[in-house]
Amino acid sequence: MNSNKLASEDKSKESKHIYGRAVEVLTGGVSRNTIFRKPHPFYVKSASGSYIKDIEGTERLDFANNMASLIHGHSHPAIIEAVTEQLYKGSAYTMGTEAEVLFAELLNARTPGFEKIRFMNSGTEAVMTMIKASRVFTGKHKIAKAEGAYHGTYDYAEISQTANPSNWGDIDKPNAVPVVQETPKGIIDDMVIIHFNDIERTINLLDQHADQIACVLIDPVPHRIGLFLATNEYIEAIYNWTRKNNALLVFDEVVSYRVNYAGAQDSYSVKPDLTALGKIIGGGFPIGALAGKSEIMNVLDPRATFLRHPHSGTFSANPVSTTAGRVAMELFDEAAVLKLNAFTMKARKQIEEVIKTVDVPVCITGAGSMFRLHFQKNTPNTYRGAYQDKDTKAIVDELLDYLFFKKDIIMINTLACMFSTTLTQNNIDRLSEALFDGFKLVKPKIDQLV
Ligand SMILES: Cc1ncc(COP(=O)(O)O)c(C=O)c1O
């Protein structure tokens, strides 16, 4: 039995017991696979700032921040206060609230391309509505998206998210690979799979379906592809292609919105027609939003004589999420964004020093307040280049387990960190020291991969 396993048993008695009950009532014992870990998930007692305490009493330093959704860490006092005040007044009504108007005013003022906005409940829903609105506006059906990009679980958006060497096909003719079995063929046929940051191949692939494409869906910093920024040239090339071919350029900024004050889109000379948002804009509560040009957003307008895209949602724009989101985004002002980005860059440099000291073939990608470690010497810039085979993934998991059980540190399962404003230099020192020991542990195995 390895030492990681022993440690996990010592620290997990109560969680093991709860998981025993969980599997009796929840499929696989979980409601989201993200939190599953072997031999069982750990259950939270409380969380504050950058720390989460489990029910056994172990306190862990959290760099996952609920998959990049908590920009101010856990239970921020100003958010708690505002949400508590709202809760006494009710949490959801079949009526409008000023909370949604205030929040819409804030976001639309923040990003120049946001002329109109609609709130919903998740990033998945935002991407789904963005795709449907694109179809309605252009009168076309096909959707182009990058191989490996994660955009939530709408049937179209998830195609090719998990493409692997056995099914991704020739690089010049990438397959549209379903994630869920029995995905209807019609959906697969309506997808055009492109390559992130590869202008020539992307334009060539788009050209083959030019008169049928409603939108090109891009996450400018796609975490699952490898967490690197789309180049300006790439975005410009796609933008120009969409102008010529009556198609929309639509951004999934569910994760990347944090990169600049006005979103990752502020990094580019051209802007998307529509943007899907989620995660940090909920201030820790469920949210999604679709924002963009009025002319396109109008397809959702119930005042139209002929409503082309009816849109609702029982909890859309509920005042709890919109209040929490507004407070969180007010706190994440221009100065806070710059400060957090600079702090993250400093942390990356510190970790790069650790990599050099241990002399391990690891590189770092990232943007703004996010970064990801890759077990390869050369920095990848494509999905296929960053793809981890089974052997590499096993070492990634070993390092993640080591950090979780031995160092009480939580990272995202891609070896990514999504920073929050509550992190301190001491937290980074602790992460660097843990990675120093962790890299030494896995170095013999990584060296063998190269
Ligand atoms: C880039 C991106 N888009 C969309 C989504 C879906 O968001 P949600 O989980 O809120 O449905 C995610 C979730 O991780 C995401 O990372």
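Numbers below:
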item: Extreme residue, least open to solvent (accessible area, probe 1.4 Å), among residues of region 136-145 that are assigned to a helix (DSSP H, G or I) and not polar (S, T, N, Q); result: 136
item: Enumeration of residues in region 403-420 that are among the aromatic types (Phe, Trp, Tyr) and closer than 22 Å to residue 342 by Cα; result: 419
item: Check on residue 424, polar (S, T, N, Q) and closer than 23 Å to residue 68 by Cβ; result: yes
item: Subset tally (residues that are touching a residue at least 12 places away in the same chain (Cβ under 8 Å) and part of a helix (DSSP H, G or I)) for region 358-393; result: 7
item: Options 154, 150: the member that is over 30 Å from residue 378 (Cβ atoms) and within 13 Å of the ligand (Cβ to nearest atom); result: 154
item: Among the residues listed as 180, 216, the single one being within 16 Å of the ligand (Cβ to nearest atom), modelled with pLDDT of 95 or more, surrounded by fewer than 24 Cβ atoms within 10 Å (Cβ to Cβ) and on the phi < 0 side of the Ramachandran plot; result: 180
item: Some residue of region 197-207 being part of a helix (DSSP H, G or I), touching a residue at least 60 places away in the same chain (Cβ under 8 Å) and either acidic (Asp, Glu) or away from the ligand (no atom under 16 Å from the Cβ) (or both); result: yes
item: Selection count where residues are open to solvent by 80 Å² or more (accessible area, probe 1.4 Å), more than 16 Å from the ligand (Cβ to nearest atom) and among the hydroxyl-bearing types (Ser, Thr, Tyr), scope region 16-57; result: 1
item: Residue list for region 423-437, restricted to those being assigned to a helix (DSSP H, G or I), open to solvent by less than 70 Å² (accessible area, probe 1.4 Å) and touching a strand residue (DSSP E or B) at 6+ places or on another chain (Cβ under 9 Å); result: 427, 431, 434, 435
item: Region 146-161, residues that are open to solvent by 10 Å² or more (accessible area, probe 1.4 Å) and touching a strand residue (DSSP E or B) at 6+ places or on another chain (Cβ under 6 Å); result: 156
item: Options 114, 119; residue that is within 18 Å of residue 312 (Cβ to Cβ) and buried (at least 18 other Cβ atoms within 10 Å of the Cβ); result: 119
item: Residue list for region 190-204, filter: closer than 15 Å to residue 235 by Cα and either open to solvent by less than 40 Å² (accessible area, probe 1.4 Å) or touching a helix residue (DSSP H, G or I) at 6+ places or on another chain (Cβ under 8 Å) (or both); result: 194, 195, 196, 197, 198, 199, 202, 203
item: Search result, residues across region 38-55 that are part of a loop (DSSP other than H, G, I, E, B) and in contact (Cβ under 8 Å) with a residue 40 or more places away in the chain; result: 50, 55
item: Whichever residue in region 396-419 is over 19 Å from residue 349 (Cβ atoms) and part of a loop (DSSP other than H, G, I, E, B) and, among such residues, is least open to solvent (accessible area, probe 1.4 Å); result: 414
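The values are calculated or read from the model by the stated rules, or taken from the named source; none is laboratory data. Bear in mind that the values here come from a model prediction, so they are computed numbers and not experimental data. A quick note on method: Cβ atoms are made from the backbone with ideal geometry, for glycine too, and the neighbour counts reach across all protein chains shown. What goes into the accessible areas is simple: the full protein's heavy atoms, side chains included, and nothing from ligands, DNA or RNA. Shrake-Rupley method; radii C 1.70, N 1.55, O 1.52, S 1.80 Å.
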